[in-house]
Each structure stands twice: as structure tokens, then as C-alpha cells.
Amino acid sequence: GYADGAGAVGYVDLSEGNLFGTAHRASLQWQRTTQSRFRDDGTIENGDSRSAFEFGYEVPSLRPGSLAFGADIYNKNTVFLPFFAGGQETLRTYERRRGLRARVGTLLGGTGGGNTTGLFFTARRDEVGYDAIPD
């Protein structure tokens, strides 16, 4: 959508589970939100706009013993206030988080019937901050 004073807002989630026929997985998410409030005099007060994105890429293990790896990079600076929340705010409402996550592992084998056991190691680094929190 688009709103005067706020600009473009919305949510996009693109993913592909078999990128170019290689079984690699790629995903991209983007979100931009803004909060507007009606003042007592009926005019609209536009709040700060916030954007978020996440990009992920994964090369799966296709057979036991083969190596799998993946990585995600993200900047999740978005206020999430669903309509049914009734305006309830928490400390997390003001959180800003960005970072990356990497994983590597392998399939150890299966028990038949499509069940597979895997062993993965994951490393993650986040920077977490907060907007000014009202009293």
C-alpha cells in the first residue's frame, strides 16, 4: 500500500525451494510498517516508519554423509502490533534486531518411512537495541 506521509508500506515474502533445479533454497522477506494515530482534533499524526528484511540461502544435504549449509542475514526493525492485541505494548514492541545466522551439518541416516536424523551446528550473532521506551 501507499499512504501520504508514510510512503510505501507492505509485506513481501518470496521463496524458492528448488532454485534453478539444484535443490538449493532461497528466501527473501521485506516489510515496512508505520503507525498513524488520530489526534483529538481529528487530524492524523504519522508515526515513524520502520523496515525489516531477511535473506536466506540453504544448500541441503541430499544423502547421508553429504554436507549441508545455510546462512541468513536479517535486520528486523519492525513493530509488530496485530489488530487483536488491543494496543498492548511490551518491551519487545521497541526492539531492533539485526544479525546473521550460519549453519552446517549432515544427515546421519534415516529410520525408514521418510524419517531422517541430522546433526547441525549453528552460529548466530545479533545486535539488539531499543527505541526510546515511554514511561
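Electrostatic bookkeeping for Gly70 treats Lys and Arg as +1 and Asp and Glu as -1; over the other residues with beta carbon under 10 Å from its beta carbon, the sum is +1. With the simple model of a label 7 Å out from the Cα in the direction of the Cβ, Arg124 to Val9 spans 2.9 nm.
Taken together, the values in this text are just the output of simple stated rules run on the coordinates, not laboratory data. Quick caveat: nothing in here was measured; it's all calculated off a predicted structure. All Cβ positions, even for glycine, are placed from backbone atoms using ideal geometry, and neighbour counts span all protein chains on display.
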